[in-house]
1. Quick check on the exposure proxy: order ILE112, ILE36 from fewest to most C-beta atoms within 10 angstrom.
2. Relative contact order of region 21-114: what whole-number percent is it, with Cα pairs under 8 angstrom and at least 6 residues apart?
3. Among 84-90, 102-108, 61-67, how do they line up by average Cβ neighbours within 10 Å per residue, starting with the highest?
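Computed from the coordinates by the stated procedures, all read-outs in this text should not be read as laboratory data. All figures in this text were calculated on a predicted structure; none of them were measured in a lab. Backbone-built Cβ (ideal geometry, glycine too); neighbour counts: all protein chains shown.
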Amino acid sequence: MTSNRNILSLRHPKDDSAADPAETVVAHCIAHLLCIRATRNRAPIVLEPHVLYARQGERFVDAVVTDYSRDRDRALTTFRVGALKDLAITTEPFEPLDEFDPNAPCYAEGVIAHVDG
């Protein structure tokens, strides 16, 4: 005696609109003004993310690289989100740059998240 039984699946259906986990980490850190620990070119770095945006189908983050080993001017550097590995949210807060402008022409294609200056 066989009968048809409903089966409960615990797997989520594939959702192509789901955000990339790295993008989610970056957006969270921007919203809460928290630093990000990451690996780039096999070297650990700490970033102060200011803006996450799209350009030509790629996701980029402009961030200040926090380097405690030497004094240098704080300036934004552009990183491709896909090139950053092992992203982790820290508890280290940061202060946004005063000169940061989310309406700059370089972000015209699509800002996803930015700090409020």
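1. ILE112, ILE36
2. On the way: 178 pairs, mean separation 34.0, N = 94.
Contact order relative to length: 36 percent.
3. Ranked by mean Cβ neighbours within 10 Å, highest first: 61-67, 84-90, 102-108.
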